[in-house]
Amino acid sequence: MCIFSGWCDRGYIPSPRCGCCETNINDRKTNDSCRSSPGSSRWTWPVLITARRNICFDEAVESMEKNLEDLKIVAEQWLNQGTELVQQIPPNQLYAAIGVLLFTILFFFSIRLFRRTKSNTVLLSGLSGSGKTVLFYRLRDGSSHQGSVTSMEPNEGTFVLHTENTQKTKPVHLVDVPGHSRLRSKLEEYLPRAAAIVFVVDALEFLPNCRAASEYLYDILTNASVVKNKIPVLLCCNKTDKITAHTKEFIRKQMEKEIEKLRVSRSAVSTADIANDFTLGIEGEVFSFTHCLNKVTVAEASGLTGQTEQVQEFIREYVKP
Ligand SMILES: Nc1nc2c(ncn2[C@@H]2O[C@H](COP(=O)(O)OP(=O)(O)O)[C@@H](O)[C@H]2O)c(=O)[nH]1
Ligand SMILES: [Mg+2]
């Protein structure tokens, strides 16, 4: 160990020191007690220290070279032992072992190559006027942007939810899909790459819209991509800031009843006429969202007042870094 490490840490080239207070010329400004000016006879070059420091450096180089030599000897010993061991193994076994090793490497390599990167697309769907656009802006930047006119094109953006830390979380690709019946085909374009769906329902004007909303949700729940990829759906009962809004339990039950009716009426029609990809629920049982292959959960929110915690929680569950 170097006994002069205190000096060595300061750098290899020495600086003049004050003869009276031992202050380094570079620290002179911080030491008020040293009034002597550099260049006067009081400032000396620490010759002795330089000499000692050279000795210390040489010692370190010498010990490093010795360690390297030792390491080389150990490595050579291991190599020899390894070669002897391989020579003892019968060639058949050796080839089999090499084959297994190569196969394992190839297997893991191909898994890495073909593994699909997880989608971060979350769809905001639901009838026109349910509050999707207000919710979109609320989640994006916390503003209460008013969605006054019916959007004709999907409103989309990739961002970190405004309440979250930018560095720690994965950005979400949020798509506000227009709810108008003539624009529904837009949703189908997005469904195959969706990680999750937020189905927004107007909890205030729920009853007049219950059938239309249930039909729309039925189409989503029987869509091939949704069933095959088991895309989770959040039934988001929006506008709960108003006291006349219906509760999420009421909305869930009413929609289950409406979907049950649809299930019966649609299965009575020839399957060739109506192109729903999959049948819903369990045969012989009254429909419940728990029968769906994908997870369907219910939440309350208000895009207008910013009560969106349950929606954010849902998004984060399915869009992970
Ligand atoms: N009370 C209340 N009204 C809302 C809420 N969210 C949206 N609205 C209103 O509902 C109407 C439709 O909203 P919008 O976001 O355009 O619906 P979209 O057609 O689904 O995109 C607008 O007049 C909004 O002000 C909410 O949380 N509470
Ligand atoms: Mg809109």
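The values are calculated or read from the model by the stated rules, or taken from the named source; none is laboratory data. Bear in mind that the values here come from a model prediction, so they are computed numbers and not experimental data. All Cβ positions, glycine included, derive from the backbone under ideal geometry; neighbour counts span all protein chains shown.
Of these, T240, T297, which one is closer than 22 Å to G179 by Cβ and within 14 Å of ligand 1 (Cβ to nearest atom)?
T240 is the lone residue from the list that is closer than 22 Å to G179 by Cβ and within 14 Å of ligand 1 (Cβ to nearest atom).
Given the residues A213, A195, A203, which is the only one that is closer than 11 Å to S125 by Cβ and assigned by TED's automatic domain parsing to the domain that holds Q307?
Selected residue: A213, the only one of A213, A195, A203 that is closer than 11 Å to S125 by Cβ and assigned by TED's automatic domain parsing to the domain that holds Q307.
Assigned to a loop (DSSP other than H, G, I, E, B) and either at pLDDT below 95 or of a type in the set (K, R) (or both), is that true of I243?
no
Give me the residue from region 91-141 that is within 19 Å of the chain's Cα centre (by Cα), basic (K, R) and surrounded by 10 or more Cβ atoms within 10 Å (Cβ to Cβ) and, out of that set, modelled with the lowest pLDDT.
Looking at residues that are within 19 Å of the chain's Cα centre (by Cα), basic (K, R) and surrounded by 10 or more Cβ atoms within 10 Å (Cβ to Cβ), I get K118.
What strands (runs of 3 or more DSSP E) completely inside region 149-236 contain at least 1 residues that are more than 14 Å from ligand 1 (Cβ to nearest atom), in contact (Cβ under 8 Å) with a residue 12 or more places away in the chain and under 29 Å from K257 (Cα atoms)?
194-202
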